[in-house]
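Below you'll find the structure, written out as structure tokens, and then a few comments.
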Amino acid sequence: MLVVGLACKRVDAPGAGGTSASGSAAVSSTTPHAGGELVIAFDGAAITQFSLDPHKLPFAPHHRVIRSIADSLVVALPNHRFGSWLARSWERSADGRSYTFHLRDDVRFHDGTRFDAAAVAFNFDRIKDPKNALMSVSDLGPYERTVVIDDFTARVELSRPFAPLLANLSKSSLAIVSPAAVAKYGVEFPTHPVGTGPFRFESLKPATEIVLVKNPDYRWPPEGAGHAGAAWLERLVFKNVPEEATRVAVLENGQAGAADLIPPQNLIGMRASPTYRVVAGELLNHNYSLYLNVQREPWNDERVRLAFKLSLDIDAAVKTVHLGTQARAWSSLSPSLLGYDPALVGSWKPDPAAAARLLDDLGWQVGEDGVRSKQGKRLTVVFMDTQGNREKRLDLLTVMRRQLRATGFDVRIDSQPGGSYQEKVLAGDFDLLGGSLFAPDPDVLRRIHSPAFRGATSVSKVDDPELERLLEQAASSLDDEERKAIYARVQRLVLDRTYSIPIYVLEYSVVARESIEGIAIDRHGFPLFFDAWIRS
Amino acid sequence: MMRQLLARVFASISVVFGAVTLLFLILNWLPGDPATLIAGQDASAEMIERVRTQIGLGRPIGEQYRDYIASLLRGDLGTSYVTREPVLDRISSQFPATLSLTLGASLVAVVVGVGLGVVSARYHGRWLDQLIQSAALALVSVPAFWLGILSILVFSVWLGWLPVLDDGTFWPSVLPVGCLGVFVSVPLLRLVRDGLIGTLSEPFVMTLRAKGLGERRLFFVHALRNALIPAVSLLSVLIGDLLAGAVIIETLFARQGVGRLAVEAIGSKDLPMVQGAILFASTGYVLVNLLVDVAIVAIDPRTRARARGA
């Protein structure tokens with residue numbers, strides 16, 4: 001197991017996928033002091049009700065709060081290593097089918113009950129139980145059971161090797177919650193979360209506000225944390241402010257000490273301003289990508305998909321819309337994920353002339369209005385959307401629509417409420433979709449592209465035996481080098497066959513007022529408030 | 001009079017019942033399966049099916065409607081598909097916020113609309129009237145959303161006078177209430193102004209003038225009372241604008257409220273929640289209309305005379 005000294009935290013080089021900070025006072029020499037309340041205006045998008053059960057919903061805004069309430073067994077460290085958290089150490093069996101975790105013996109949940117091997121078994125069994133219909137079940141992969149060896153030793157058994165296990169365990173979606181509280185609150189647990197984290201849940205106002213208070217007994221921060229002992233802040237108040245202009249306003253007028261997902265035009269100004277500090281980190285992610293419906297004509301023809309791709313100038317689109325605050329993506333995987341293949345950078349160029357030739361050869365004739373058609377069928381691409389302009393996605397599409405129009409594609413945007421969107425995706429009733437999926441391991445490619453493994457409403461409709469075989473092989477390989485080699489092939493294949501077109505890498509950022517120190521972004525790209533404090 | 005009122009009440013109940021039924025049908029006919037949405041992006045077909053059974057979908061629509069109406073009569077609005085909490089609990093926790101927002105905004109609308117309408121009519125054709133008319137034109141031309149953002153920028157960011165986020169005090173309500181109120185006041189303002197100007201040229205005013213009644217008394221007592229009658233009727237229409245505006249204002253100012261709840265519930269196809277929210281909105285609408293009718297009878301002697309004659 002790796003031991004990392006407390007001194008070398010949060011010093012990852014900016015751009016290497018770790019936390020980077022800018023602004024005038026990113027590094028301060030003053031010593032932290034305890035106390036105070038931090039109000040965070042966060043983008044809760046279309047949250048109807050907070051659901052703070054870490055195992056229940058995969059929605060990122062919830063997990064940004066949950067991370068402060070519940071701890072995980074292990075923590076993700078730079079260079080794809082894992083460090084101790086609730087588990088002091090662990091061993092993997094030779095066949096890769098069981099992991100023995102030696103747990104800390106001094107940890108208590110916020111309700112006073114003891115954290116132990118039985119609690120670990122309870123959590124994973126609860127997730128695995130189909131009756132509970134919990135979303136985190138896919139993170140456990142081929143999980144079979146947890147054997148309680150003694151009070152503080154738990155053995156997790158799998159039916160076959162599962163390479164992403166440790167990475168998934170470090171995610172908040174497999175954070176450990178109090179079994180007693182789950183039993184006590186039942187279906188109301190998502191609004192009464194109890195974990196072992198540095199902050200405990202105090203109260204919420206539906207869809208608008210969550211209040212956390214410091215857990216004074218906390219002394220089990222993860223490896224790499226900035227200090228030992230309890231958090232500095234007395235209270236954390238998360239305010240759901242869905243409108244970006246309002247987030248900017250409340251940060252500017254000082255009502256909020258920090259705000260996330262600030263629009264690019266404001267972010268640029270705030271980076272340069274001494275009044276603010278920007279903390280940012282890459283979200284470990286299957287990058288936001290476009291998916292043509294490969295099961296539908298004419299997108300089932302690889303050449304039409306290629307023509308579509310060659311018509312796009314993604315660099316131009318991302319620069320125009322994100323103003324340099326987000327990088328253009330070359331691979332499906334975000335750069336800090338294991339197996340990301342840097343060789344893909346610059347591997348193709350927009351080529352509208354070649355796209356036009358391809359379409360000409362295939363019999364798609366340019367009509368009077370510039371849109372191509374073949375045997376009376378127009379080259380119309382219906383882009384189905386449900387999330388609106390989150391992360392400027394519709395703005396991006398608007399730019400790309402013009403690029404596509406130049407080679408004869410007619411892109412229409414069909415905005416649907418969530419329910420009908422999912423139903424149409426299920427039925428395959430669309431031409432083009434966009435989407436991202438946060439994940440700590442390249443196995444996310446299997447969750448998107450493998451028919452046997454992906455969800456019924458996955459954005460990808462790809463059914464490619466070669467791809468499937470590679471993805472299965474990589475998921476059960478326990479050799480990182482072998483996995484990297486396989487994923488390099490997979491990324492190339494997905495790009496060459498235009499199964500998806502990666503657009504941008506999301507850098508998640510929190511802008512704080514200059515007096516707020518120590519906010520960090522973890523390896524997954526989620527905010528940490530454990531080391532945060534307020535300079536008086 | 002009493003019979004008339006009873007007929008009104010009965011008609012109002014029918015309107016609410018009709019709205020509920022229509023909405024039930026529309027929501028059920030709309031494409032989109034709540035179960036796929038609740039189960040989430042990664043869910044398998046089995047999980048979606050499990051969720052579907054869990055929330056009681058897949059039964060015949062007639063059966064669902066019968067159960068819905070039956071529980072409605074017992075005061076049970078059902079359980080949210082998404083959060084599994086009773087809809088009534090959720091709506092009643094959000095309702096006070098919306099009520100205070102819309103009541104406050106109505107008050108602002110009446111004060112601003114009637115006040116400036118009177119001033120405008122009094123200075124009819126002069127620069128003050130023209131200024132108010134131009135401002136009103138500008139206000140009706142901008143969306144409520146833009147007005148909200150602008151007021152946040154000016155009063156909260158530049159001047160630093162007012163907070164935006166709810167901090168448990170009265171102050172964060174000023175901007176949202178003010179914005180919504182001012183936004184709704186414009187049609188009222190124009191109606192009061194035009195009504196006053198029109199009334200002042202009516203024969204009865206000339207008669208009163210000839211009888212030597214003072215200008216001030218003439219204007220405020222006789223003309224204004226006449227001009228207010230259409231304004232009060234307009235209030236019953238404006239309640240719709242208020243509720244629609246509340247949706248935008250609640251989102252923009254990150255407030256709780258039934259409007260925001262309804263929109264988000266529509267997005268997640270949380271049918272019981274949508275139905276509950278619309279039931280509240282339609283009941284509110286109908287109640288306000290009923291009150292307006294009663295108020296008109298109270299301030300307009302002509303309707304009383306008609307009622308007696310009927």
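Coordinate-derived values only; no laboratory data. All values reported here derive from a predicted model rather than from experimental measurement. Neighbour counts run over all protein chains shown; Cβ positions are idealised from the backbone, glycine included.
Note on the stretch A:70-187: with charges restricted to the Cβ of Lys and Arg (+1) and Asp and Glu (-1), its dipole about the Cα centre is near 240 debye. Projecting the Cα atoms of B:LEU27, B:VAL221, B:LEU175 onto the dipole axis of chain B, where Lys and Arg carry +1 and Asp and Glu carry -1 at the beta carbon, places B:VAL221 farthest toward the positive end.
Compute the long axis of helix A:117-128 from its Cα atoms, compare it with the longest principal axis of the Cα atoms of chain A, and write down the angle in degrees, 0 to 90, nearest 10. Approximately 20 degrees, to the nearest 10. Remark: for residue pairs A:LYS205/A:LYS392; A:LYS131/A:LYS392; A:LYS349/A:LYS392; A:LYS349/A:LYS484; A:LYS56/A:LYS205, the C-alpha separation exceeds 31 Å in A:LYS131/A:LYS392. Using equal-weight Cα scatterers in the Debye expression, the normalised intensity of the stretch A:285-505 in log10 at q = 0.13 Å⁻¹ is -0.74.
Its convex hull of Cα atoms gives the stretch A:423-495 a direction-averaged projected area, equal to a quarter of the hull surface, of 5.1 nm².
For A:LEU506, the amide hydrogen comes within under 5 Å of the amide hydrogens of A:LEU283, A:TYR288, counting only partners 5 or more places away or on other chains and with H modelled in the peptide plane. Angle check, please: helix A:465-476 long axis (alpha carbons) against the longest principal axis of chain A (alpha carbons), in degrees 0 to 90, nearest 10. For helix A:465-476, the angle is close to 10 degrees. Among A:LYS484, A:LYS131, A:LYS392, a tally of other beta-carbon atoms within 10 Å of each Cβ gives an order, fewest to most, of A:LYS131, A:LYS484, A:LYS392. Among B:ILE26, B:ILE91, B:ILE278, determine the one that fluctuates most according to a GNM of chain B built with springs between C-alpha atoms less than 10 Å apart. The residue that fluctuates most here is B:ILE26.
Panel note: the C-alpha atoms of chain A, placed on their principal axes, show extents of 72, 56, 41 Å (largest first). Does chain B come out rounded, prolate or oblate by the C-alpha gyration tensor, with a ≥ b ≥ c the root eigenvalues, rounded set by a/c under 1.5 and, if not, prolate when a/b is larger than b/c and oblate if not? Judged from the Cα gyration tensor, chain B comes out oblate (a/c at least 1.5, b/c at or above a/b). The P(r) of the stretch A:110-232 has a tail past 18 Å containing 59 percent of all C-alpha pairs. Compactness of the stretch B:160-301 was expressed as the Cα radius of gyration divided by 2.2 N^0.38 Å, which yields 1.40. The chymotrypsin sites (Phe, Trp or Tyr not before Pro) of the stretch B:141-215 that DSSP puts in a loop, and whose beta carbon has at most 11 other beta carbons within 10 Å, are B:PHE170.
Give me A:VAL490, A:VAL148, A:VAL399 ranked fewest to most by other Cβ atoms within 10 Å of their Cβ, as a rough exposure proxy.
Fewest-to-most ranking of A:VAL490, A:VAL148, A:VAL399: A:VAL148, A:VAL399, A:VAL490.
When each of A:ASP443, A:ASP217 is scored by the number of other beta-carbon atoms lying within 10 Å, the sequence from fewest to most is A:ASP217, A:ASP443. Taking only Cα atoms, what is the 0 to 90° angle, nearest 10, from helix A:418-427's long axis to the longest principal axis of chain A? So the helix axis and the longest Cα principal axis differ by about 60 degrees.
Dipole of the stretch A:285-505 computed with +1 at Lys/Arg Cβ and -1 at Asp/Glu Cβ about the Cα centre; of A:LEU358, A:LEU337, A:GLN403, farthest Cα towards the positive end is A:GLN403. Could you tell me whether the stretch A:377-536 comes out rounded, prolate or oblate from its Cα gyration tensor? Rule is a ≥ b ≥ c as square roots of the eigenvalues, rounded for a/c under 1.5, then prolate if a/b exceeds b/c, otherwise oblate. Cα axes put the stretch A:377-536 in the oblate bin. Ellipticity at 222 nm from helices only: DSSP H runs of n ≥ 4 in the protein assembly as shown, each -39500 (n - 2.57), divided by the residue count, give -14000 deg cm²/dmol. Considering all different alpha carbon pairs of the stretch B:53-114, the Kirkwood hydrodynamic radius works out to 14.4 Å.
Of all complete DSSP H helices in chain B, those with a Cα span along the helix axis of 30 Å or greater and a mean Kyte-Doolittle hydropathy of 1.0 or more are B:2-29, B:87-122, B:174-200, B:224-252, B:271-299. In loop segments of the stretch A:190-264 as defined by DSSP, the trypsin sites (Lys or Arg not before Pro) with at most 14 further C-beta atoms inside 10 Å of their C-beta are A:ARG219.
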